[in-house]
Amino acid sequence: MRRGPVTLVEITRIALRLGFRPGTAAILLAFYLGSTFFEALGLTMLVPVFQFVQRDGDVAALIAENRYWEYLVSVYRVAGVPITLATLLVAAFTCVLARTLFMYARVLYTAVVREKLLWSVRNLAFQRYLGTMSGYAEHELSGGMVNDLTTELDRLIYALFSIVTLAGLCLTLLLYVALLLALSLPTTIAAVVILGLAGASLRGLWRKTQSASYRVTDANQSMAGFLVERLKALRLIRLSGTEPAEAAVMGRLTGRQRDNMVRLAALMARLDVIVEPAVVALGLVFLYLAVGAFDLSLEEIGLFLVVVLRLLPVVKEALRTRQSMIGSIGSIWAVDNRLRAMEAAREPAGGRVEFARLAKAIRFDHVSFAYDDGAAPALDDISLEIPAGAVTAVVGPSGAGKSTLIDLLPRLRDPTAGRISFDGRPIEDFSLETLRRGIAYAPQSPQVFSVTIADHIRYGRPGASDADIREAARLAEADGFIGQLGDGYDTLLGEGGVGLSGGQRQRLDLSRALVRKAPILILDEPTSNLDADAEEAFRAALERIRRETDMTIIVVGHRLSTVAIADQIVIMEAGRVSDTGSPTELLARGGWYASALAKQPGPVNIGADPDPAEDVNWKKTNIGRAG
Ligand code: ADP
């Protein structure tokens, strides 16, 4: 992971990578310059005002004394305004007004572009996350991701805009120094020397601020990682009675956040302690030199003081901005590292061929897969054929590699050796988008968002009509219980689908998979969490789907009663296919299937001959046209 001190060049590079446009910086700087220019002009206007008062308005004498009065007079002449005390004051006030307008524009523009950048980076990060390979998300704590996209990103964007603020402040500083120079060279040199010394004394503070920043980011990350994980495991925590222990860990993690934030704030406050006295000393030295050594006139001393008084807050502000930029270093690296890692873990886009239907078969030829380099392969030299339009069940003990095998079909993972083909065409030829559109998937534990029943089903195919939704629910044997719910298809599902039984959720989710009308349907251990009745209902749904559609169905499971309706059963053990055949063949052969079947209770209906389809409409017209 990249870390370390961050130079202005580096921040600028990161800013450009995130989409911060140089044009935006230029506009912001222009606003800065505008306001600074008018501020300086307003202040400078005080000199002629003083002189005008001193000479009792004798413009001819003023022109004789100071050459710039000539310019002033000609400017007033062009404007067609007489020079009076009032018009001089109005001019000074106009400058103040112009400065305020520029400041207002800058604040407004900053808000707009900052929020826009925040918005676009956050969306970019989320899109990249969605586009990463499966392995990436599996190795990352989702809490860390949440933290990076919220807290750290906010701090990062703030820091990026600080660069512009800093540049603007430096320009202001330069302008003031130029103004001072015009008044008196030696005093300016003295000022610059004092400021330089004050700046050098801050190096230690910068270093401490930087390490405090990293600690803040680390503490945020740990807390968010812990929190998100525990939010998902509330049931387990309650049932294990580990609330006090979890609360104690949370207390420790949030305590670390608190302490680190306090430390960072203390370091920020220390800046004032160092800078404030230096600044006052500077003012006094100025005054002393101006009066004692350099023999300046009263109005010049007045202006000098005003400039110095304006200059000092600018110096302080510049230092503070620099410090808060350093204080955000942890966030800068965290977000930048996150975006780079996600980019590096991006899924391949696949080929150009559109996957629309499966006519013959899916073939695995000597396919192997290992999760990590050096790990024992989860799949070891698998060769197998999954015929189109039939039900293939993949069974075997836990850890045999069944889920890994089906992850290869939508290319959630790619084989480390061997090849997979659809109707003879290598899987890599198909575009990832159409391949995934062509595979409907119902997982073991359905994910249910807090939406209505209809919306959940429609998640399978946005744009599906109400009729499609009802038809999918009917096919999944879900329309019966949906009809009995208070609001039918408009019933709102709670977070996590509270309110439905395990079996109902499973069939609801099956409806979602079916509404896709994809040529391939994968069901991952669909009945492993269900009781006998629910399992029977699911089995009925599966039989209906088989009867009424020509989908290629792949059922993964170790509940043998459900898979007994399959046309072909593939038995996996320790990453290898140990046997393949129809249920009757396998039973006759003895072996793992026969003995596992004997051990497992439940309705078994081997070799059942399904009724011929009554409703062939779905079969002939709908399926096979991917979503
Ligand atoms: P099954 O679905 O038959 O229970 P899996 O395909 O889930 O089997 O697992 C096969 C093997 O791969 C097991 O040894 C398991 O520990 C390992 N495995 C599964 N998922 C991962 C993963 N995300 N990272 C590393 N190893 C994994």
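Of note:
- Cα-based convex hull, segment 64-136, per residue volume (Å³, whole number): 148
- Relative to the longest principal axis of the Cα atoms of the chain, helix 22-44 runs at roughly 20 degrees.
- Karplus-derived 3J(HN,Hα), 6.51/-1.76/1.60, for each residue of segment 174-179, Hz, glycine and proline x: 4, 4, 5, 4, 4, 4
- A cut-off of 5 Å between modelled amide H atoms, ignoring neighbours fewer than 5 places along the same chain, links TYR441 with ILE522.
- Derived scalar couplings ³J(HN,Hα) [segment 356-367; Karplus, 6.51 cos²θ - 1.76 cosθ + 1.60; whole Hz; x for Gly, Pro]: 10, 7, 10, 9, 10, 6, 9, 10, 10, 10, 6, 8
- Cα extents of segment 471-541 along the three principal axes, largest first (Å): 32, 27, 22
- Net charge dipole, segment 274-351: roughly 400 debye, given to the nearest 20, about the Cα centre with Cβ charges of +1 for Lys and Arg and -1 for Asp and Glu.
- Each of LEU117, ILE553, PHE102 was scored by the projection of its Cα onto the charge dipole of the chain, and the greatest displacement toward the positive side belongs to PHE102; charges sit on the C-beta of Lys, Arg, Asp and Glu.
- Over 26 Å (Cα to Cα) - which of LYS360/LYS517; LYS208/LYS316; LYS402/LYS517; LYS402/LYS599; LYS116/LYS232 fall in this group: LYS116/LYS232
- Between the helical axis of 298-327 and the longest alpha-carbon principal axis of the chain there is an angle of about 20 degrees.
- Kirkwood Rh in Å, taken over segment 108-178 so that all alpha-carbon pairs contribute: 14.4
- Gyration tensor (alpha-carbon) shape descriptor, segment 302-441, a/c threshold 1.5: prolate
- 20 °C / 1.002 mPa s Stokes-Einstein diffusion coefficient of the chain, Kirkwood radius on C-alpha pairs, µm²/s: 70
- Close amide H pairs (under 5 Å, H built 1.01 Å from N) link GLY350 with LEU432, residues at least 5 positions away or on another chain.
- Along each principal axis, Cα extent of segment 250-375, largest first, Å: 100, 43, 26
- Each peptide among 316-326, 109-119 gets the average number of other Cβ atoms lying within 10 Å of its residues, and from highest to lowest they stand as 316-326, 109-119.
- Residue-wise HN-Hα coupling along segment 464-481, computed from phi with Karplus coefficients 6.51, -1.76, 1.60 (Hz; x: Gly, Pro): 5, 6, 4, 5, 4, 5, 5, 5, 5, 5, 5, 5, 8, 6, 10, 5, x, 6
- From most to least packed by mean Cβ count within 10 Å, the peptides 469-478, 241-250, 46-55 give 469-478, 46-55, 241-250.
- In segment 141-191, the alpha-carbon atoms span a convex hull of 68 Å³ per residue.
- Residue (of LEU85, LEU175, LEU587) at the positive-pole extreme of the chain, dipole from beta-carbon charges: LEU85
- Degrees separating the helix 243-288 axis from the principal Cα axis of the chain, which is the longest one: 20
- CD proxy at 222 nm, helix term only [per DSSP H run n ≥ 4: -39500 (n - 2.57); per residue of the chain; nearest 500]: -20000 deg cm²/dmol
- Dipole magnitude of segment 275-429 about its Cα centre (Cβ charges: Lys, Arg +1; Asp, Glu -1), debye to nearest 20: 360
- Taking a ≥ b ≥ c as the square roots of the eigenvalues of the Cα gyration tensor, segment 427-496 is classed as prolate, since a/c reaches at least 1.5 and a/b is larger than b/c.
- Shown is the FRET efficiency for ASP490 and LEU33, computed with R0 = 41 Å from the Cβ-Cβ distance and rounded to the nearest 0.05: 0.10.
- Alpha-carbon centroid distance for the pair segment 530-566 / segment 115-150, whole angstrom: 37
- Each part gets one Cα centre, and for segment 246-323 versus segment 401-480 those centres are 61 Å apart.
- Cα-based convex hull volume of segment 1-109 per residue, rounded to whole Å³: 150
- Pairs of Cα atoms farther than 20 Å apart, segment 192-315, %: 64
- Net charge dipole, segment 211-286: roughly 340 debye, given to the nearest 20, about the Cα centre with Cβ charges of +1 for Lys and Arg and -1 for Asp and Glu.
- Projecting the Cα atoms of SER201, MET268, MET250 onto the charge dipole of segment 200-279 (Cβ charges, centred on the Cα centre) puts MET250 farthest toward the positive pole.
- Net charge of Cβ neighbours under 12 Å - reference PRO426; Lys, Arg +1; Asp, Glu -1: -1
Each reported figure results from applying straightforward, stated rules to the coordinates on display, with no laboratory input. Note that the structure is a prediction, hence the values are computed from the model and not measured. Ideal geometry is used to build each Cβ from the backbone, glycine not excepted, and the neighbour counts take in all protein chains shown.
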